[in-house]
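*Asks:* Next up is a structure, given as structure tokens.
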Amino acid sequence: MSKSSSPGGDSSQIPSTQITVNTPARIWRQAQKVLRLASRQQPRPPNITLKFILGPAALTVTARLLGTVAHCEADVNNNVPLEVQAKEKIPEFSWAILWEFVRPQLLALIGAIILAFGAAALNIQIPLMLGDLVNVVARHMREQAGHYMRDIKAPAMKLLGLYGLQGLLTSGYIILLSRVGERVAADMRTTLFTSVLRQDVAFFDANKTGQLVNRLTSDIQEFKSSFKLVISQGLRSATQTVGCFVSLYVISPKLTGLTVVVLPCLVGAGALFGSFLRKLSRKAQEQVAKATGVADEALGNVRTVRAFAMEDRELEIYAAEVQKSAVMNETLGTGIAVFQGLSNIVLNCIVLGTIFAGGSLMARNDMSPGDLMSFLIASQTVQRWECAKSLNLHLILHII
């Protein structure tokens, strides 16, 4: 490649590679000229260029060495401080509000209560009829006299009639209670949803959507089940307990005295244990609502979760809440199992004691075999209803 002989040095004939190489050199020379002119105008200037270069670098290094790094982290409390959450009180149950929901279904509720009382009264008569039946069998086994089928026909038919009437009354009050419970639950859901829609925006910031949905679904469902069981089990157990105690005293005052001594201890222990299980049940329900809220928030804002690649983080939070819920429910199940096991042991021991004491009375002709049979069935009815009441009513009424 030859150079141009023109003294003027035509720039059009200079190769492109040489222009590319000389461009940074020309820029560097121009910068040096600007710095020399600035130094002539100010004889003792501060090194501005050095400050602009070394200043930010020194600040960055100092912050890295001495400062702390801030990380973004999910707010599991939904912007509600822990101190505020700890001070929140559980709302008290209001009978006036319940009356507003129950009043439109008052006639059906009264009918269900009357039928439940009727079924309970029949349950009191059934042990006595069984005793008469056993007496007929025992008499024929001992004396071998008379016509067995003729003697047993009357108490057997009466007992069958009691069984049939009890079944009709039980079906009737369950149908009426189902109707009342469903309509009360529907009114509650509508009223609660209306109240939620009328809340301020700050209310939705402080409460997760999943927890609100859980109040509309599972909490109302649980209240409906509790309401039905209060009528079906609560009223029936109270009626049968009083009636069976009267029957027990009529059958054998001595055995009734032994039962009265043992039964209050059993009921008191069951009430204490049931109170403990009620607290566990409340905490487990709240934890389920919290896990539902986490899932609902993640699914409702799935675009934001995907945009920030937070799938694993949301999964960890949800898995942790579900694990807590599982542990609480397992503890509750263990407590119920222990209660049922202990109550079965105690009830069976009471049965053995009743047979032992009743056998002694039978040996002295102070009690018939039918009376012992009636006493056993009636006492078992009282004991099982009391145990069920001490456990179930503490569990199902924890929302009250």
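The values are calculated or read from the model by the stated rules, or taken from the named source; none is laboratory data. Everything quoted here is computed from the prediction, not taken from an experiment. For neighbour counting, all protein chains shown are included, and Cβ atoms are generated from backbone atoms with ideal geometry for every residue, glycine included. Please note that ligands, DNA and RNA were not included when accessible areas were found on the heavy atoms of the full protein model with its side chains. Shrake-Rupley method; radii C 1.70, N 1.55, O 1.52, S 1.80 Å.
*Asks:* Order of 347-356, 290-299 by packing, highest average Cβ count within 10 Å first?
*Replies:* 290-299, 347-356
*Asks:* Mind checking the per residue accessible area of segment 95-252 for me, 1.4 Å probe, whole number of Å²?
*Replies:* Result: 55 Å² per residue.
*Asks:* Report in % the part of the accessible area of segment 95-252 that belongs to carbon and sulfur, leaving out ligands and nucleic acids; probe 1.4 Å.
*Replies:* That share works out to 68 percent.
*Asks:* Given a 1.4 angstrom probe, what's the average accessible area per residue across segment 253-366, in square angstrom?
*Replies:* Here the residues of segment 253-366 average 61 Å² of exposed surface.
*Asks:* Next question. With all protein chains present, how much of the accessible area of segment 253-366 (probe radius 1.4 Å) comes from carbon and sulfur, to the nearest whole percent?
*Replies:* 66
*Asks:* Shifting gears a bit: Apply the Debye scattering formula to segment 253-366, with a single equal point scatterer on each alpha-carbon and no solvent, then give log10 I(q)/I(0) at q = 0.15, 0.19, 0.20 Å⁻¹.
*Replies:* Values returned for q = 0.15, 0.19, 0.20 Å⁻¹ are -0.79, -0.98, -1.02.
*Asks:* Sort largest first and round to whole Å: the equivalent ellipsoid semi-axes of segment 133-204, each the square root of five times a Cα gyration tensor eigenvalue.
*Replies:* Taking √(5λ) for each eigenvalue gives 61, 12, 4 Å, largest first.
*Asks:* Whole angstrom only: what separates the Cα centroid of segment 234-299 from the Cα centroid of segment 98-115?
*Replies:* Each part reduced to its Cα centre gives a spacing of 24 Å.
*Asks:* Give me P(r) over segment 274-341, computed from all C-alpha to C-alpha distances, binned every 10 Å, as integer percentages.
*Replies:* 21, 38, 22, 14, 5, 0
*Asks:* Now for a separate question. Would you mind computing the Rg to Rh ratio of segment 95-252 from its alpha-carbon coordinates, Kirkwood style for Rh?
*Replies:* Values: Rg = 24.1 Å, Rh = 19.3 Å.
Expressed as Rg/Rh, it is 1.25.
*Asks:* May I ask you to list the trypsin sites (Lys or Arg not before Pro) in segment 313-384 that are in a DSSP loop and have at most 10 other Cβ atoms within 10 Å of their Cβ?
*Replies:* Sites meeting the loop and neighbour criteria: Arg364.
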